Ligand code: GLP
């Protein structure tokens, strides 16, 4: 696990975008894993800049979103289908036919989840998965006590997540109770993972995920077992990390090792 601590939220988005851009330049048909929420917005904004200046072409990439609310109308502005279209696919010039979101409106949700897993497999797996993190340590919507072996499935949101996400709705009562989410096992199959977090509200979750025991009570801690996970945070989100000076020292000296 590589931990990179940067001075501000905008640095976080720009570095994550640079990592993704490099991957796509090497592999224009890369399969991206997309996260929603506020955390990755800086990544999408930085990628959109690279696309608009002609430095990056994402039109041949495919993508799979992490999650979706159950029962939310497709055209609801907070459905992840809408969010992914408005904040990612259109501004980044991606091909909508190659971008999928779990179908939270399916009559048979179990079958929809199985089809989603099949789709990821058929696409050759996810090359790089973008992740935010919930204040309770969830990744995707894998709430505390999610199985580390879980695949895409129905989950029930915790009250904490409903309260956190109420800001996107008119009230907490409007936040759906259920969701579909890629499982922790699905996320762990991605070949590379980038988790971003900004602000002091994420400090406890970041400390638990990076330095705590691997525990389903902090689902993101499973990333300690991922062979290529990069955690990129601003100073505020890093504020409860015990080894913060070590992470900064390591990153500052990374180029020295890479070039010798
Ligand atoms: C949401 C999403 C997660 C996201 C997290 C944090 O509910 N399902 O994928 O990482 O919660 O959200 P935010 O980035 O807005 O803090």
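The set of residues in segment 143-164 being near the ligand (Cβ under 9 Å from one of its atoms) and either within 12 Å of residue 221 (Cα to Cα) or touching a residue at least 24 places away in the same chain (Cβ under 8 Å) (or both) consists of 161, 164.
Residue 234 falls short on exactly one of the conditions (1) in contact (Cβ under 8 Å) with a residue 24 or more places away in the chain; (2) within 30 Å of residue 112 (Cα to Cα), and that condition is (2). Out of 37, 33, 42, one residue alone is surrounded by 14 or more Cβ atoms within 10 Å (Cβ to Cβ), within 16 Å of the ligand (Cβ to nearest atom) and farther than 30 Å from residue 106 by Cα. It is 42. Against the definition (away from the ligand (no atom under 15 Å from the Cβ) and touching a residue at least 60 places away in the same chain (Cβ under 8 Å)), how does residue 201 come out, yes or no? For residue 201, the condition - away from the ligand (no atom under 15 Å from the Cβ) and touching a residue at least 60 places away in the same chain (Cβ under 8 Å) - is not met.
Report whether or not residue 213 is farther than 21 Å from residue 15 by Cα and in contact (Cβ under 8 Å) with a residue 24 or more places away in the chain. The answer is no for residue 213. Of the residues making up segment 110-142, those that are part of a loop (DSSP other than H, G, I, E, B) and away from the ligand (no atom under 14 Å from the Cβ) are 123, 124, 125, 126, 127. Beta carbons closer than 6 Å, at least 6 apart along the sequence or on distinct chains, pair a first residue in segment 30-48 that is more than 19 Å from residue 121 (Cα to Cα) with a second that is part of a loop (DSSP other than H, G, I, E, B) and modelled with pLDDT of 95 or more for 37/132; 39/132; 40/132; 47/92; 48/91; 48/92. Looking across segment 216-243, the residues that are in contact with a helix residue (DSSP H, G or I) (Cβ under 6 Å, 6 or more places away or on another chain), within 15 Å of residue 12 (Cβ to Cβ) and assigned to a loop (DSSP other than H, G, I, E, B) come down to 236, 237, 238, 239, 241.
Residue by residue, here is whether (1) touching a residue at least 40 places away in the same chain (Cβ under 8 Å); (2) crowded, with 17+ Cβ neighbours inside 10 Å; (3) in a loop (DSSP other than H, G, I, E, B); (4) within 13 Å of the ligand (Cβ to nearest atom) holds:
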residue: 173; (1), (2), (3), (4): no, no, no, no
residue: 180; (1), (2), (3), (4): yes, yes, no, yes
residue: 185; (1), (2), (3), (4): no, yes, no, no
residue: 195; (1), (2), (3), (4): yes, yes, no, yes
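Residue count for segment 197-215, restricted to those that are under 14 Å from residue 35 (Cβ atoms) and not in a helix (DSSP H, G or I): 2.
The values are calculated or read from the model by the stated rules, or taken from the named source; none is laboratory data. Worth saying up front: this structure is predicted, and the values here are computed from it rather than measured. Here Cβ is always computed from backbone atoms with ideal geometry, including for glycine, and neighbour counts include all displayed protein chains.
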